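**Student:** Here's a structure for you.
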Amino acid sequence: MAFAVFGPASGSPAGSTESAPRRRGTIALVLLLPGLAYLALFFLTPLISLLLTSLQAPVEFGDIGQYQTAFRVENYAKVIEDYWPHFLRAFGYAVAATVLALLIGYPLAYFIGVRLRRAPFLQALALTLVIAPFFISFLLRTLAWKQLMADDTPVVQFLKAVAILPPDGHLTGTAFSVIFGLTYNFIPFMTLPIYTTLERLDLRYLEAGSDLYASPATTFLRVTLPLSLPGIVSGTLLTFIPAAGDYINASSSFLGSASTTMIGNVIESNFIDLLNYPAAAALSVLLMGVILIVVGVYVRRSGTEDLV
Amino acid sequence: MPQVSFAEGGADLELAGITKRFPGFTAIQDLDLTIPAGSFFALLGPSGCGKTTTLRLVAGLEQPTAGRIVIGGQDVTAVKPHRRPVNTVFQSYALFPHMTVLENVAFGLRRRGMSDPSGKAHEALRLVELDHLASRRPAQLSGGQQQRVALARAVVNRPALLLLDEPLGALDLKLRRQMQLELKSIQTEVGITFLHVTHDQEEAMTMADTIAVMNRGDIEQLGAPEELYELPRTAFVANFLGQSNLFGGPVTASTGTTITVDVAGTKVVVPKDRAQRHTGEVTIGVRPEKLTLHTEAPKAAAGVNVLGPGRVTDVSFSGVSTQYQLVVPGAGLVGVFAQNLAFGPVVNVGAEVWVSWNADHGFGLLDEPEPAPRFAADDDTASIAVRARHELLDELEQEV
């Protein structure tokens with residue numbers, strides 16, 4: 001539509017029918033060129049490089065970290081064999097964190113987007129509070145949680161005193177603390193998209209629901225929830241995808257330990273510590289592929305195809 | 001599930017001493033209203049008169065500050081909206097956008113656990129002649145079609161009481177007329193009580209059996225459309241429902257059946273049973289179409305009131321009739337609707353005329369007469385221009 005401005009608007013319709021679309025096509029291409037160049041340079045090239053690396057073979061009698069171009073598909077079989085538990089753990093943690101973030105984020109978004117609608121100042125304030133954690137680096141925040149959940153803190157002592165935690169128990173380095181950290185870090189990503197859909201929700205639909213014999217709970221399930229589905233889908237995607245590949249929360253210098261290693265940590269250690277570049281690349285490709293499939297199925301099932 | 005059977009028929013609605021206060025203002029003040037079962041009742045009033053609030057109170061979407069709401073003998077004041085035997089056709093339709101037309105219509109039936117919700121929904125859609133669009137989404141329908149879906153969605157539940165909140169407001173004139181007739185025939189067909197809220201007096205008069213004219217949170221007058229039109233009790237009703245010529249003056253004589261009012265020196269007779277007050281300063285009125293124009297002073301006759309002479313200030317021809325505007329010294333502006341029995345307007349602007357009307361057609365109002373004509377006769381464009389020029393000159397003088 002916008003390109004029509006550049007077309008030969010004043011030309012005779014009969015004469016310009018052939019040249020107009022071609023010229024428009026050229027202009028569209030020129031306008032798209034910077035974006036395409038950017039994608040080619042910073043997305044396609046690394047992706048191809050990653051694929052090539054994942055198929056590399058070690059140089060015979062070479063140093064550690066020396067690889068040559070090859071077509072070693074066994075790399076994939078090897079990493080799956082070695083690291084499938086970490087894959088499962090990563091997806092398990094990510095699903096748990098996504099569900100928890102949804103359970104916390106949805107009521108929060110509902111409260112801000114629907115209940116606070118009549119108080120614009122409070123609404124803006126609440127939104128700022130949701131975003132406020134972003135003002136501090138998430139590394140620092142995660143470290144702060146590590147401090148809070150360390151073994152000799154009042155929190156842990158209290159939990160031990162009321163026998164929720166066994167006397168020799170820990171909070172840090174457990175699946176609990178990793179999922180907790182993931183949930184905490186991604187709550188804003190869950191809350192904001194849901195807030196945007198709920199903020200636009202026409203409350204007259206809810207009145208219509210109650211007028212048509214639906215109890216508040218039924219109205220929520222049949223009207224509010226389906227109408228906020230686009231927000232839920234984008235919120236869960238924004239939480240699940242980065243959470244599945246996260247390597248900060250599960251790292252033992254933060255909230256995790258050796259028993260909570262996720263696939264992100266494995267990729268990191270293969271790349272930085274073990275200098276096993278093909279393994280790291282193969283894992284990255286696999287992670288990307290699995291996330292694409294999971295997300296594709298999820299979006300298809302939730303009936304919001306227009307998001308993809 | 002609250003109920004699993006349809007209401008037997010319409011139920012009557014009783015509002016007793018309803019008051020609704022919002023922070024800062026009172027929307028409804030001590031309202032009493034009874035609507036008999038099976039009637040088509042219209043609440044008519046200007047925007048802000050409390051009519052929509054009344055409807056929302058009946059639907060349960062608002063809680064009254066004081067008073068009781070009784071539907072079919074059952075006090076529902078404290079009953080949640082989803083448990084009331086009431087359905088609403090919302091002004092905005094409020095059709096669920098994520099459901100098909102059929103799902104929308106079947107929504108209420110499913111919530112109540114009715115048997116065969118789809119079949120009943122299809123039947124309701126056939127009633128509004130939209131069954132062929134059952135699988136569409138509301139956004140794919142025109143405004144008029146959405147309105148009919150909203151109607152079907154409410155009617156399909158056979159509520160004891162159907163509430164209509166200006167449902168025809170968004171439609172164009174032709175569709176509006178058509179829907180008015182359809183609504184009326186559906187009401188007759190299904191026999192449920194309709195409570196219709198509107199600011200359109202013509203709509204209220206064509207559709208309703210009974211009209212209640214609301215003003216400032218209270219009911220000014222209630223009655224059949226003809227009754228309200230022919231015998232308004234207050235100046236508000238006289239002017240909101242159609243147009244009226246109102247005159248003020250003292251009662252100078254009174255017989256067993258009539259009173260005589262002195263309007264700027266002219267004796268005007270009004271039947272006693274058509275006047276609200278019989279002594280002192282009164283306001284009387286007559287509808288413009290009841291007036292007859294004369295170019296010569298008509299002979300005085302018993303039972304005929306004559307006012308004049310006056311001067312014609314405006315003539316507007318509207319095909320079926322011609323509307324004349326005259327100024328009668330002392331009596332103010334007088335409007336006359338004359339049928340175009342002759343060819344075009346009978347008199348022109350500036351002509352000296354008299355008006356007469358059958359004394360039986362006048363009415364006396366409850367209001368105190370206005371001390372002076374409420375609005376000065378400022379519809380004369382020449383005078384407006386002159387006044388504007390004077391104001392401008394004054395302003396210029398002040399600046400110098």
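**Student:** Of the residues A:Gly92, A:Gly113, A:Gly7, only one is in contact with a Ser or Thr (Cβ under 9 Å, 6 or more places away or on another chain) and either under 21 Å from A:Ala243 (Cα atoms) or modelled with pLDDT of 90 or more (or both); which? Steps first, please.
**Tutor:** Numbers: A:Gly92 fails: in contact with a Ser or Thr (Cβ under 9 Å, 6 or more places away or on another chain); A:Gly7 fails: either under 21 Å from A:Ala243 (Cα atoms) or modelled with pLDDT of 90 or more (or both).
After ruling out the rest, the residue left standing is A:Gly113.
**Student:** Right, something else. Any idea which of (1) of a type outside the set (Gly, Ala, Ser); (2) more than 19 Å from A:Ser177 (Cβ to Cβ); (3) touching a residue at least 60 places away in the same chain (Cβ under 8 Å); (4) more than 14 Å from every other protein chain (Cβ to nearest Cβ) is the one A:Ile272 doesn't satisfy?
**Tutor:** (3) is the only condition that A:Ile272 fails.
**Student:** Would you point out the residue of the range B:105-114, among those that are more than 7 Å from chain A (Cβ to nearest Cβ) and surrounded by fewer than 20 Cβ atoms within 10 Å (Cβ to Cβ), that is farthest from the chain's Cα centre (by Cα)?
**Tutor:** Step one: list which residues in the range B:105-114 are more than 7 Å from chain A (Cβ to nearest Cβ), which gives B:105-106, B:109-110, B:113-114.
When the remaining residues are screened for being surrounded by fewer than 20 Cβ atoms within 10 Å (Cβ to Cβ), the result is B:110, B:113.
On the way: B:Arg110: 36, B:Gly113: 39 Å.
Only one residue fits best here, namely B:Gly113.
**Student:** Go through A:Ala119, A:Ala70 for me and flag whichever is in contact with a strand residue (DSSP E or B) (Cβ under 9 Å, 6 or more places away or on another chain), modelled with pLDDT under 95 and among the small types (Gly, Ala, Ser).
**Tutor:** Answer to the check: A:Ala70.
**Student:** All but one of (1) at pLDDT below 95; (2) closer than 13 Å to A:Leu212 by Cβ hold for B:Asn104; which doesn't?
**Tutor:** Only one criterion in (1) at pLDDT below 95; (2) closer than 13 Å to A:Leu212 by Cβ is unmet by B:Asn104, namely (1).
**Student:** Sticking with this structure for a sec: Starting from residues that are out of contact with any Pro (no Cβ under 8 Å at 6 or more places or on another chain), within 14 Å of chain A (Cβ to nearest Cβ) and assigned to a loop (DSSP other than H, G, I, E, B), keep the ones in the range B:47-73 and report whichever is surrounded by the most Cβ atoms within 10 Å (Cβ to Cβ).
**Tutor:** Of everything passing the filter in the range B:47-73, B:Glu62 is surrounded by the most Cβ atoms within 10 Å (Cβ to Cβ).
Each row is one residue, and each column tells you yes or no for (1) modelled with pLDDT of 85 or more; (2) more than 28 Å from B:Val76 (Cα to Cα); (3) out of contact with any strand residue (DSSP E or B) (no Cβ under 9 Å at 6 or more places or on another chain).
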residue	(1), (2), (3)
B:Asp131	yes, yes, yes
B:Arg136	yes, yes, yes
B:Ala170	no, yes, yes
B:Arg177	no, yes, yes
B:Gln201	yes, yes, no
B:Gly223	yes, no, no
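**Student:** Scanning for something outside any strand (DSSP E or B), surrounded by 14 or more Cβ atoms within 10 Å (Cβ to Cβ) and touching a residue at least 24 places away in the same chain (Cβ under 8 Å), does the range B:19-27 turn up at least one residue?
**Tutor:** Of the range B:19-27, the ones outside any strand (DSSP E or B) are B:23-24.
This time we only want the ones that are surrounded by 14 or more Cβ atoms within 10 Å (Cβ to Cβ), so: none.
No, that holds for no residue.
**Student:** Any residue that is assigned to a helix (DSSP H, G or I) and under 18 Å from A:Ser210 (Cβ atoms) - is there at least one of those in the range B:87-94?
**Tutor:** No - not one qualifying residue is present in the range B:87-94.
**Student:** Right, here's the next one. Could you list, ordered by first residue, the pairs with Cβ atoms under 6 Å in which the first is in the range B:84-104 and facing chain A (nearest Cβ under 7 Å) and the second is among the acidic types (Asp, Glu) and not in a helix (DSSP H, G or I), at least 6 apart or interchain?
**Tutor:** Final answer for the pair search is B:Phe90/B:Asp165.
**Student:** Still on this model: Among the residues of the range A:208-263, which ones are within 13 Å of chain B (Cβ to nearest Cβ), crowded, with 20+ Cβ neighbours inside 10 Å, of a type outside the set (Phe, Trp, Tyr) and in a loop (DSSP other than H, G, I, E, B)?
**Tutor:** Within the range A:208-263, A:Leu212, A:Ala214, A:Ser228 meet the criteria.
**Student:** Looking for something within 30 Å of A:Val295 (Cβ to Cβ) and aromatic (Phe, Trp, Tyr) - is there at least one such residue anywhere in the range A:142-161?
**Tutor:** Taking every residue of the range A:142-161 in turn, at least one turns out to be within 30 Å of A:Val295 (Cβ to Cβ) and aromatic (Phe, Trp, Tyr).
**Student:** Just the residues that are among the small types (Gly, Ala, Ser) and within 15 Å of B:Val334 (Cβ to Cβ), please, taken from the range B:255-264.
**Tutor:** B:Ala264
**Student:** Turning to a different aspect of this structure: Which residue is nearest to the chain's Cα centre (by Cα), if the candidates are limited to the range B:115-129 and must be assigned to a loop (DSSP other than H, G, I, E, B) and modelled with pLDDT under 90?
**Tutor:** So the first thing to find is which residues in the range B:115-129 are assigned to a loop (DSSP other than H, G, I, E, B), and the list is B:115-116, B:128-129.
Still in the running and modelled with pLDDT under 90: B:128-129.
Details: B:Val128: 26, B:Glu129: 29 Å.
Filtering first and then ranking leaves B:Val128.
**Student:** When B:Leu307 is evaluated against the numbered criteria (1) in contact (Cβ under 8 Å) with a residue 40 or more places away in the chain; (2) of a type in the set (A, V, I, L, M, F, W, C); (3) farther than 14 Å from B:Leu293 by Cβ, which criterion, by number, is the only one it fails?
**Tutor:** (3)
**Student:** Here's something else I'd like to know. If I filter the range A:30-46 for residues that are touching a Phe, Trp or Tyr at 6+ places or on another chain (Cβ under 8 Å) and under 20 Å from A:Ile267 (Cβ atoms), do I get at least one hit?
**Tutor:** no
**Student:** Specify the residue that is nearest to the other protein chains (Cβ to nearest Cβ); the eligible residues are those in the range A:163-187 that are surrounded by fewer than 22 Cβ atoms within 10 Å (Cβ to Cβ) and touching a Phe, Trp or Tyr at 6+ places or on another chain (Cβ under 8 Å).
**Tutor:** A:Tyr184
**Student:** Same structure again: Take the conditions modelled with pLDDT under 95, touching a helix residue (DSSP H, G or I) at 6+ places or on another chain (Cβ under 8 Å), charged (D, E, K, R) and buried (at least 17 other Cβ atoms within 10 Å of the Cβ) and apply them to B:Lys80. Does it pass? Break it down stepwise before answering.
**Tutor:** Working: modelled with pLDDT under 95: yes; touching a helix residue (DSSP H, G or I) at 6+ places or on another chain (Cβ under 8 Å): yes; charged (D, E, K, R): yes; buried (at least 17 other Cβ atoms within 10 Å of the Cβ): no.
So B:Lys80 fails the test.
**Student:** Still on this structure: For the condition at pLDDT 90 or above, farther than 30 Å from B:Gly45 by Cα and in contact with a strand residue (DSSP E or B) (Cβ under 8 Å, 6 or more places away or on another chain), what is the one hit in B:Val336, B:Val269, B:Val237?
**Tutor:** B:Val269
The values are calculated or read from the model by the stated rules, or taken from the named source; none is laboratory data. What you see is a predicted model, and the numbers here were worked out from it, not measured in a lab. Here the Cβ is made from the backbone with ideal geometry for all residues, glycine too, and neighbour counts use every protein chain on show.
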